[in-house]
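In what follows, a structure is listed as structure tokens, so that the remarks can point back to it.
The values are calculated or read from the model by the stated rules, or taken from the named source; none is laboratory data. Everything numeric in this text was worked out from a predicted model, so none of it was measured. Glycine gets a Cβ as well: all are built from the backbone with ideal geometry, and neighbour counts include every protein chain shown.
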Amino acid sequence: MSLERQRLLWIIVFLVVVLSAFIVPFISFMSNMTKFYGAFLFWSIFALVVIVFLGMITARWKDDRDER
């Protein structure tokens, strides 16, 4: 996969993740939970997803000088 396609893929992934941070707290799939537990569950999962995605992106970073 080319660098441009990877970049576009990660942009789309992060847009979905960021939009979920705004949309999910306002939908009612967690309506049968106490507000505190529902919010804690969502933000915990959200944080783990973002950490994993950032780890995947930064694991492949390298400096051009390292290739010489």
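Looking at the structure I just gave you, is F29 surrounded by 12 or more Cβ atoms within 10 Å (Cβ to Cβ) and either at pLDDT 80 or above or in a helix (DSSP H, G or I) (or both)? Even if it seems obvious, please write down each step before you answer.
Numbers: surrounded by 12 or more Cβ atoms within 10 Å (Cβ to Cβ): no; either at pLDDT 80 or above or in a helix (DSSP H, G or I) (or both): yes.
Here the answer is no, as F29 does not meet what is asked.
What's the number of the condition F53 fails, among (1) closer than 22 Å to L8 by Cβ; (2) modelled with pLDDT under 75; (3) among the aromatic types (F, W, Y)? The failed condition is (2).
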